[in-house]
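What follows is calculated from the coordinates using simple rules that are stated; it is not laboratory data. Everything numeric in this text was worked out from a predicted model, so none of it was measured. So basically every Cβ, Gly included, is an ideal-geometry build from the backbone, and we count neighbours across all protein chains shown.
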């Protein structure tokens with residue numbers, strides 16, 4: 001947890017490749033190998049696994065809705081955006097919500113060591129946003145599946161910014177103890193003493209406000 005740049009720094013490509021092969025063929029060997037490689041290779045195999053899922057955890061179907069909610073007009077204020085994002089989350093499959101909640105709880109624990117590992121909520125959101133949220137392969141990038149005539153590079157940049165922003169919203173929500181029920185709230189995934197919530201929000205709200 002105290003390793004500088006944990007999840008941001010890439011591990012050894014050869015070690016990550018060995019870990020992937022072991023997990024696919026021999027779980028016991030993979031468990032032993034985890035004890036031998038450095039921490040960045042361990043975190044790298046988790047990122048690789050999530051990145052290579054056939055569908056991102058926030059789902060292809062709901063990605064455009066998350067994107068639209070995040071980029072919605074500011075006329076309704078921040079409360080309207082928050083409401084829309086939480087409504088989108090509530091419609092995710094329960095299994096996906098359980099995994100996302102577990103990952104968010106873990107990332108919050110990583111953030112508790114920010115003084116040592118230098119991983120702010122923004123840094124974590126930037127690393128994991130494009131992995132957990134991404135447009136489906138069948139739809140064009142940018143504007144949540146719209147904008148066929150847009151510059152692909154510009155559209156991709158907009159996507160990455162939104163992906164990080166959306167995940168940051170949920171990380172900040174969890175950090176403040178506002179994870180809410182959202183239709184699925186496994187007992188062991190709610191904020192606990194190991195992930196300080198509303199009782200000590202100061203260390204978790206140094207990032208800028210959600211725009």
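Things to note:
- Annotation: the residues 23, 128, sorted from fewest to most other C-beta atoms within 10 Å of their own C-beta, follow the order 23, 128.
- Least to most buried among 35, 83, 65 (fewest other Cβ within 10 Å first): 35, 83, 65
- Taking each residue as 0.36 nm, the span from residue 34 to residue 14 lengthens on full extension beyond its C-alpha to C-alpha distance by 5.9 nm.
- Calculated on the alpha-carbon coordinates, the convex hull of region 1-139 measures out at 129 cubic angstrom per residue.
- Per principal axis, descending, Cα span of region 75-136 in whole Å: 37, 32, 21
- Quarter of the Cα convex hull surface for region 1-52, i.e. its orientation-mean projected area (nm²): 3.5
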